[in-house]
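Let me begin by presenting the structure, written as C-alpha cells, before commenting on it.
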Amino acid sequence: MRKGDVIVLEHLPAAVAYAAGGGRRELDGPLGSAFDIAERDTRFGQKTWEMAESELARRTLETAFGKVPHDIGTPDVVFAGDLQCQCTASGYAMRSEDVPFAGLYGACSTMAESAALAACLVDGGFAACAAAMASSHFCAAERQFRTPLGYGAKRTPTAQWTVTGAGAVVLASGRGPRVRAVQFGRVRDLGVFDASNMGAAMAPAAAETLVRYFDATGETPDAFDAVYTGDLGAVGSNLLGSLLELEGVRLQNHRDCGLEIYGRTAPGSGASGAGCSAAVLCGHILPMLARGEMRRVLFLATGALMSQTTSLQGESIPGVAHLVEFCSEEAMACS
Amino acid sequence: MKTTKEEYAVLCKQALPHSPVAKDCAWAFCVGGAICALGQILLDAYGALGFEKADAGTLTSATLVALSAVATALGWYQKLASKAGAGTLVPITGFANAVVSPAIEFKREGLITGTGAKMFTIAGPVIVYGMLASTVWGVARHFLWG
C-alpha cells in the first residue's frame, strides 16, 4: 500500500540474519564489541585498500548468510553498494558468491536504499529471501575522493571521517525485527558547495524525507524509540533539527550513526561513509530491536550525490535520504 | 519543504563550528619555526664543514627534502601536519610531502601509470604557476631594468 512517498509493506519481511564488520578505529569505538568481523588489520590481509574493503564486505555478507536459518535457504538476490568508483568493492566481493547481484550507488544512503529494495522484493513475493549490504573503507575513500593518505593536511571542523565498515542484512519471511515501511527519498540541493561539509549538504534531504513520512503516515516522532540518520554528523544533525523546527516537527529522539560509531572520540564533525549507517544498523540497531530493547525505529540513511569532478566544476552538492521503518516482533504483534 | 537556499545559507552559517584559530596558529608557528630552525642549524653545519654559502643552502634544502620524504614514508609527516597545518605545509618539507605521498600511494597502479603519472597531482600546479610567475617576472625585469 502506498501513502504518499511511503510504501507500507503488507507482509512485514523480517531481518532473519544480519552482520556487521569494522576496522581498528571502529572496534575501538563504543559499538566495537557489536561487530561480527573484528579484525585489527585494516588491510584485511589484502594488498590494496580497494581489495581490503571488498574482503571486509565479502566476510560480512558471508557471516550474515551463515546466520540465516536453514529452512529459509540462500538469498534470491543481493543488493549492495559502496563508495568506490563503479561500485567495485561490492562487485568484487560478489565474485565468490553464487547469488544474483544488483549493484547500487546511493553514496552513504546505500544501506537504506538496498534494504528498502530488498524489503519490497520480498514483500511483493518476487524473492523469498533477499539481502542488502553496504560498505566503505577510510583509506580507499580517502585516496579516491581527497588526497593521498600520506599527504599532510589539516581537516576542517566540519569534515567527517569515512568509516571502515560494512553491514549486511538478510530479509525473508521468518523471525526477527520487521520492516514495516520504506520510502525512497527525493533529491534535494539547498546550495551547499563545501565537500568538507557534507552533513550540511545532506540535512535538507533528510528533513524532506522525514516531513513527507510524518505527513503521509500521520505518525509523530514520539511514536518511535529513535529516529536514526545515517551520517549527518554534529553539524548536519544540528541543521536537521533547525530545518524540522521550521516545518513544525520536533525531533527529540534523533540519533545519528555518524555520532554513535565513534562516540566522543569522533574526529571533526563525526563519521560518514556507506559503511557507517550499515555497520550501526546491523551491529547495533537490529540487535537492539531483536532483544526488545527498542520497539520502533526509523532508519534514514543520507547520501551526498556529488563526484570529485562536479565539485571541481563548481556544482553544489545534491543530497538524498531513504527511509526504512523497523519494528520489533513484539511491536508488530501489538499493531 | 519551505526553506529557501538563502534561508538555509543563514542556518549553515550559524551552525558552522569555528576553527580554534589561536591554537592552530600556535601549532603552525612552533612546528614551522622548528623546521626553519633545523634548516638554519643545517646551513651553519654545512658552512662549518667548509661548503660555500650557495652550496650549503642547496645541501640544506636537499637534506630537509630527504628528511620529509622519509617522514612521509613512515607516516609521521601526516600525523604532525594534522596538528601543525601551515607549519608543515609552507616550508620546503611540505612540498616534498606533496610529491612523495602520491608517489607512494599510487605505486600499486604501476611505476609509470601510478607513481609516475600521479606524483605531481598535488605539487604540479605549484610548479606550473611557479614557473609561469618566474617567467613573467624575468621578462618584466629584463624590460624594466635591462
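Taken together, the values in this text are just the output of simple stated rules run on the coordinates, not laboratory data. None of these values were measured; they are calculated from a predicted model. Cβ coordinates were reconstructed from backbone atoms using ideal geometry, including for glycine residues, and neighbour counts include every protein chain displayed.
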Return the distance in nm (one decimal) between the two label points of a simple spin-label model at B:Glu109 and B:Lys83, each offset 7 Å from Cα along Cα→Cβ. 3.2
Nearest-20 debye value, the range A:2-172 charge dipole, Cβ charges on Lys, Arg, Asp, Glu: 700
At 7 Å along Cα-to-Cβ for each site, give me the label-to-label distance between B:Ile41 and A:Thr309 in nm. 4.9
Could you please state, rounded to a whole Å, how far the C-alpha centre of the range A:28-72 is from the C-alpha centre of the range B:76-146? 38
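Considering only Cα-Cα distances, which of the following residue pairs are longer than 29 Å: A:Lys154/B:Lys2; A:Lys154/B:Lys53; A:Lys47/B:Lys118; B:Lys13/B:Lys118; A:Lys154/B:Lys13?
A:Lys154/B:Lys2; A:Lys154/B:Lys53; B:Lys13/B:Lys118
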Where is the GNM fluctuation largest for chain A (alpha-carbon springs, 10 angstrom cutoff): A:Thr88, A:Thr42, A:Thr147? A:Thr147
Nearest-20 debye value, the range A:266-335 charge dipole, Cβ charges on Lys, Arg, Asp, Glu: 80
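Scanning chain A for helices, which whole DSSP H stretches are 15 Å or more long along the axis (Cα) and average 1.0 or more by Kyte-Doolittle?
For chain A, where a helix must reach 15 Å along its axis and average at least 1.0, the hits are A:110-123, A:233-246.
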Mind checking the dipole of chain A: about its Cα centre, +1 per Lys or Arg Cβ, -1 per Asp or Glu Cβ, Debye to the nearest 20? 520
Selected from A:Glu325, A:Glu39, A:Glu219 as most flexible by GNM, with chain A as the system and alpha-carbon contacts under 10 Å: A:Glu219
With the crude spin-label approximation of a point 7 Å out along Cα→Cβ, what separation in nm comes out for A:Met1 versus B:Trp145? 8.5
Please compute the Cα-Cα pair-distance distribution of the range A:2-172 with 5 Å bins starting at 0, giving whole percents from short to long. 1, 9, 17, 21, 19, 14, 9, 6, 3, 1, 0
Ignore the peptide's own chain and count Cβ atoms of other chains within 10 Å of each Cβ in B:4-14; give me the average, rounded. 5
So how far, in whole Å, is the C-alpha centre of the range A:238-284 from the one of the range A:98-113? 21
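List the GluC sites (Glu not before Pro) in the range B:1-98 that DSSP assigns to loop (not H, G, I, E or B) and whose Cβ has at most 11 other Cβ atoms within 10 Å. Which are they?
Listed in order of number, the matching sites are B:Glu52.
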Using only Cα atoms, tell me the angle between helix B:92-105 and the longest principal axis of chain B; keep it within 0 to 90° and round to the nearest 10. 70
Between the range A:136-165 and the range B:11-55, what's the alpha-carbon centroid distance in Å? 24
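Would you mind giving the average projected area, over all directions, of the Cα convex hull of chain B in nm² with one decimal?
15.9
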For the range B:37-48, what does the Karplus curve 6.51 cos²θ - 1.76 cosθ + 1.60, with θ = phi - 60°, yield as ³J(HN,Hα) per residue in whole Hz, taken in order and with x for Gly and Pro? 5, 4, x, 5, 4, 4, 4, 5, 5, 5, x, 5
Taking Cα pairs under 8 Å and at least six residues apart, what relative contact order does chain A come out at, in percent? 25
Among B:Ala81, B:Ala15, B:Ala133, determine the one that fluctuates most according to a GNM of chain B built with springs between C-alpha atoms less than 10 Å apart. B:Ala15
